[in-house]
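Participant: If you scroll down you'll find the structure; I have some questions about it.
The values are calculated or read from the model by the stated rules, or taken from the named source; none is laboratory data. The structure displayed is predicted, hence computed values, not measured ones. Note: ideal-geometry Cβ built from the backbone for every residue, glycine included; neighbour counts use all protein chains shown. Ligands, DNA and RNA are stripped out before the accessible areas are found, and what is left, the full protein with its side chains, is counted by its heavy atoms. Shrake-Rupley method; radii C 1.70, N 1.55, O 1.52, S 1.80 Å.
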Amino acid sequence: MEKLKQGIQEVEVAADAFKLAKAKGIDLDRRRQGNRECLAALRRQDKGVKDRSPGDEKPPANAFVFSPGQVIVRMPREAAKALVEKDQEAVEGKIRANEQALKQALRDLSDKGGVPDTVGAGLLNAFVNLKDNTNTKREVDSDDDDQ
């Protein structure tokens with residue numbers, strides 16, 4: 001009976017680790033999306049500077065940025081852009097590390113018997129060994145656009 005209790009506790013700990021890694025991944029993804037939106041807005045304003053005519057309004061020289069700790073800071077646009085790009089690189093690294101932690105948590109959960117038997121070992125290994133290839137260029141056939 002004691003062995004069964006210990007086994008159930010191990011499965012619960014592994015499942016909690018999996019849930020925590022999943023929640024952390026969601027938070028990091030939200031942060032990454034926020035950084036993308038901020039960089040896109042700054043780039044749009046920069047593009048507007050190049051295309052403006054003599055009577056158009058000039059974009060502001062400063063930008064407002066949320067710094068760590070949820071404090072709003074006003075700083076020069078280029079410094080704000082550099083800060084957000086640096087944060088974006090850090091977030092990307094954390095996301096990659098979290099994906100590895102998520103896979104390890106799933107592997108641990110499977111080893112402890114927390115994954116149903118309907119999921120075979122081959123399918124589980126295929127999921128755990130997935131690689132993210134989103135950074136590779138994808139070519140789109142021009143024939144698809146015509147249809």
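Participant: Ordered by packing density, taken as the mean number of other Cβ atoms within 10 Å over each peptide's residues, highest first, how do 2-11, 80-89 rank? Don't skip to the answer; put the middle values down first.
Facilitator: Values: 2-11: 11.0, 80-89: 16.0.
Top of the packing list down: 80-89, 2-11.
Participant: At LYS94 and ALA79, where each label point lies 7 Å from the Cα along Cα→Cβ, what is the point-to-point distance in nanometres?
Facilitator: Inter-label distance under the simple model: 2.3 nm.
Participant: I want to check the label-to-label distance for LYS5 and ASP27. Put each point 7 Å from Cα in the C-beta direction and report it in nm to one decimal.
Facilitator: Distance between label points: 3.3 nm.
Participant: Using only protein heavy atoms and a 1.4 Å probe, report how much of ASP108 is accessible, in Å² to the nearest 10.
Facilitator: Its accessible surface works out to 60 Å², give or take rounding.
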